[in-house]
1. What number of residues in the stretch 15-51 are within 20 Å of the chain's Cα centre (by Cα) and at pLDDT 95 or above?
2. Within the stretch 188-210, count every residue that is under 24 Å from residue 173 (Cα atoms) and over 17 Å from the mean Cα position of the chain (by Cα).
3. Does residue 61 fit the bill of being within 20 Å of residue 204 (Cα to Cα), touching a residue at least 24 places away in the same chain (Cβ under 8 Å), surrounded by 16 or more Cβ atoms within 10 Å (Cβ to Cβ) and out of contact with any helix residue (DSSP H, G or I) (no Cβ under 7 Å at 6 or more places or on another chain)?
4. Hey, can you tell me all the residues within the stretch 68-91 that are over 18 Å from residue 185 (Cβ atoms) and either over 17 Å from the mean Cα position of the chain (by Cα) or modelled with pLDDT under 95 (or both)?
5. When you scan the stretch 210-217, do you find a residue that is at pLDDT below 95, out of contact with any helix residue (DSSP H, G or I) (no Cβ under 7 Å at 6 or more places or on another chain) and surrounded by 15 or more Cβ atoms within 10 Å (Cβ to Cβ), even just one?
6. Just need a number here: residues in the stretch 128-146 that are part of a loop (DSSP other than H, G, I, E, B) and touching a residue at least 60 places away in the same chain (Cβ under 8 Å).
7. Restricting the search to the stretch 147-181, which residues are touching a residue at least 12 places away in the same chain (Cβ under 8 Å), over 24 Å from residue 121 (Cβ atoms) and surrounded by fewer than 16 Cβ atoms within 10 Å (Cβ to Cβ)?
């Protein structure tokens, strides 16, 4: 299981190379390059409440982090360091909870246990807007995914509709760089969408991050300035 999680994190790191190198936010004036630093944090909680609806059936999923993460390390060694882990902190997170399905036929109402065991979601912090020739407003991209939600459908002709653990979603948001210097922060994301076939999804995620350490380091030590 540890090997599988490490492999998933490696794949995730490969996927964010473009984010590290191309993300940009317009700003009127340049700032200095981000000084190298080491940062460590812990994900203390994650909660998700999501509701899937279709016609007169509704399925609400409520999940939470099974336990706080271990200490997560993130180091920025300067923009000339092209290492895959430079400016990235990522950790596996596991969810558990339940889903309540309410149908047009009360006999079809049910509650399911929900876990994320088959996917091994990842929570990550990525330093962005810090690698360009001119650095403008460095930021931190925060992401959680994939987390599980349950879908459910109404009864037809006396037969209960399907209820499935088959919806996986991702939440992300970009913060100012200064959040790393705070004692911690809370990431909230609300998302809703209605589809042409009548299905609709509405979810809210909240993740709390506690800083353990933020320490600037010298360019001589970082060797990537």
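The values are calculated or read from the model by the stated rules, or taken from the named source; none is laboratory data. What you see is a predicted model, and the numbers here were worked out from it, not measured in a lab. Virtual Cβ from ideal backbone geometry, glycine too; neighbours counted across all protein chains shown.
1. Qualifying residue count, the stretch 15-51: 13.
2. The qualifying residues number 5.
3. Working: within 20 Å of residue 204 (Cα to Cα): yes; touching a residue at least 24 places away in the same chain (Cβ under 8 Å): yes; surrounded by 16 or more Cβ atoms within 10 Å (Cβ to Cβ): yes; out of contact with any helix residue (DSSP H, G or I) (no Cβ under 7 Å at 6 or more places or on another chain): yes.
Yes.
4. Across the stretch 68-91, the qualifying residues are 75, 77, 78, 79, 80, 81, 82, 83, 84, 85, 86.
5. Yes, the conditions are met somewhere in the stretch 210-217.
6. The total comes to 8.
7. Hits for the stretch 147-181 are 158, 176, 181.
Here's the yes/no breakdown for (1) part of a helix (DSSP H, G or I); (2) touching a strand residue (DSSP E or B) at 6+ places or on another chain (Cβ under 6 Å); (3) farther than 26 Å from residue 48 by Cα:
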site	(1), (2), (3)
80	no, no, yes
89	no, yes, no
107	yes, no, yes
119	no, yes, no
126	no, yes, no
193	no, yes, no
